[in-house]
Amino acid sequence: MLSAHGFSLSSRVIAINGLLFALGTALLAFSPATVSSRPLWSEVIVLVVGLAVMIVANGVLVGGTLRPLDRLVTQLDRVRSTEPVERLPVPRSGLGHDLAESVNDLFARIDTARRDSSLAALAAQEAERARIAQELHDGVGQSLTAVLLELGAIVEQADPDTAAALTGVRETTRASLDEVRGVARQLRPHVLEDLGLRSALVALTTELFSHGETHVRRGIMPGLPALDDPVELVVFRVAQEALTNVARHARARTVELTLNQVGTDVVLTVRDDGIGIAPGAVGTGVRGMRERATLVDGQVEIGRRDGGGTQVRLVVPA
Ligand SMILES: Nc1ncnc2c1ncn2[C@@H]1O[C@H](COP(=O)(O)OP(=O)(O)O)[C@@H](O)[C@H]1O
Ligand SMILES: [Mg+2]
């Protein structure tokens with residue numbers, strides 16, 4: 001881009017200075033002024049005036065040429081802190097035009113690369129979860145099923161006392177199998193793919209809280225904008241972690257899940273009235289929520305509520 005006008009910055013500066021010196025020399029050569037071995041006052045004055053003219057002209061011309069660079073540096077400092085990076089204003093012509101276009105082109109490529117790598121990270125996380133789910137299902141799940149069947153066969157032939165003792169073992173095994181299946185199901189957001197975000201969130205709350213003491217309130221705004229798949233996935237995963245934390249840690253009477261559009265953002269909140277998260281408590285779950293949010297340019301705030309309990313709030317651009 002810099003060569004669009006055919007001259008590099010240094011050749012322009014050299015050309016300007018060369019022009020000035022040539023002009024000065026010509027003035028000295030062709031003006032009536034001459035310089036003696038002991039310069040006369042009149043000569044000194046001519047030299048000083050000539051020099052001053054050269055310095056000022058040099059300043060004006062070189063300064064004018066380089067000013068777009070100074071402006072660019074100031075603008076770069078300002079946009080560096082914005083995310084996604086703001087584009088530079090492009091002057092109509094000259095060096096500033098070429099530079100700003102080059103830099104904007106670079107910014108666009110950085111944005112694309114960043115988005116691509118975020119999407120790749122999300123896809124990799126999901127692929128890993130799917131793999132673990134498959135392994136749980138095919139490995140531990142199959143073995144436990146086999147144990148259950150064998151136990152059933154043994155119970156049939158055992159004497160009443162042994163059969164009674166084995167019934168407990170069967171129950172524990174069945175519970176373990178259910179747990180493994182539950183974990184495998186949570187690892188793959190089938191419902192999300194099949195039914196969409198709204199139904200997936202409803203299914204999630206039902207699955208987690210239908211057997212417990214905690215009462216669920218849902219406020220999912222009708223007519224939410226259609227979200228991109230990665231954004232939807234992040235909303236679902238954050239809701240899943242936040243709700244699982246409520247079920248596991250909060251000892252809450254009520255949990256409330258809301259999903260709303262606020263301006264151009266979609267806001268998910270999960271609030272409970274339980275014991276409240278300890279300030280600064282961070283585990284794999286909390287870290288995962290933050291990481292996922294960042295991947296789609298979103299933010300998560302997790303904290304204690306004023307009235308007791310915990311609130312998780314996710315804001316993502318729709
Ligand atoms: N809703 C909640 N109510 C009370 N404590 C919570 C809640 N959510 C999280 N916590 C606390 O924060 C810790 C970190 O949570 P997390 O990162 O999800 O890890 P994990 O759930 O695996 O323990 C939890 O161990 C728990 O002590
Ligand atoms: Mg957790």
Solvent-accessible area, 1.4 Å probe, carbon plus sulfur percent, for region 91-165: 60 percent
Helix 197-209 axis, angle to the chain major axis (alpha carbon atoms, nearest 10°): 50 degrees
Whole-number Å³ per residue for the convex hull built on Cα positions in region 29-141: 189 Å³
Projected label distance in nm at residue 159 and residue 92, using a 7 Å step from Cα toward the beta-carbon: 10.6 nm
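How large is Rg over Rh for region 2-81, taking Rg from the Cα atoms and Rh as the Kirkwood inverse mean of 1/r across Cα pairs?
Details: Rg = 18.3 Å, Rh = 15.3 Å.
Over the Cα atoms of region 2-81, Rg/Rh equals 1.20.
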Projected label distance in nm at residue 129 and residue 287, using a 7 Å step from Cα toward the beta-carbon: 1.7 nm
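Using a 1.4 Å probe, what is the accessible area per residue for the chain, in Å²?
Working: 19600 Å² over 318 residues.
Here the residues of the chain average 62 Å² of exposed surface.
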FRET E, pair residue 183, residue 112, Förster distance 35 Å, beta-carbon r, rounded to 0.05: 0.45
Square roots of 5 times each gyration tensor eigenvalue, C-alpha, region 185-227, largest first, Å: 20, 16, 6
Cα gyration tensor shape for region 238-290, rounded if a/c is under 1.5, else prolate or oblate: oblate
By average C-beta atoms within 10 angstrom, highest first, the peptides 278-290, 178-190, 131-143: 178-190, 131-143, 278-290
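Taking the highest mean first, how do the peptides 254-263, 165-174 order by number of other beta carbon atoms within 10 angstrom per residue? List each step's numbers first, then the result.
Working: 254-263: 16.2, 165-174: 13.0.
Going from most to least packed, we get 254-263, 165-174.
Keeping the other protein chains in place, figure out the carbon and sulfur percent of the accessible area of region 192-318, with a 1.4 Å probe. Intermediate values should be presented prior to the final figure.
On the way: 3080 of 6620 Å².
Exposed carbon and sulfur together represent 46 percent of the surface.
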Estimated distance in nm for a label pair at residue 138 and residue 261, the labels positioned 7 Å out from Cα along Cα-to-Cβ: 4.2 nm
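Going highest first, how would you order 157-163, 231-237, 191-197 by mean Cβ packing within 10 Å?
Averaged packing, sorted descending, gives the order 231-237, 191-197, 157-163.
Based on the Cβ-Cβ distance of residue 297 and residue 71, what FRET efficiency does E = 1/(1 + (r/R0)^6) give at R0 = 30 Å, to the nearest 0.05? Please list the in-between numbers first.
Working: r = 29 Å, r/R0 = 0.95.
The calculated FRET efficiency here is 0.55.
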Mean projection area, nm², convex hull over Cα of the chain: 29.8 nm²
Cα-based equivalent ellipsoid of region 192-318: semi-axis lengths in Å, sorted from largest, via gyration tensor: 22, 17, 13
Alpha-carbon gyration tensor eigenvalues x 5, square-rooted, for region 105-181, Å: 51, 9, 4
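The values are calculated or read from the model by the stated rules, or taken from the named source; none is laboratory data. Here the structure is a predicted model, which is why all the values come from computation and not from measurement. With ideal geometry, Cβ positions are generated from the backbone for all residues, glycine too; neighbour counts draw on all protein chains shown. With ligands, DNA and RNA removed, areas are computed over all heavy atoms of the protein, side chains included. Shrake-Rupley method; radii C 1.70, N 1.55, O 1.52, S 1.80 Å.
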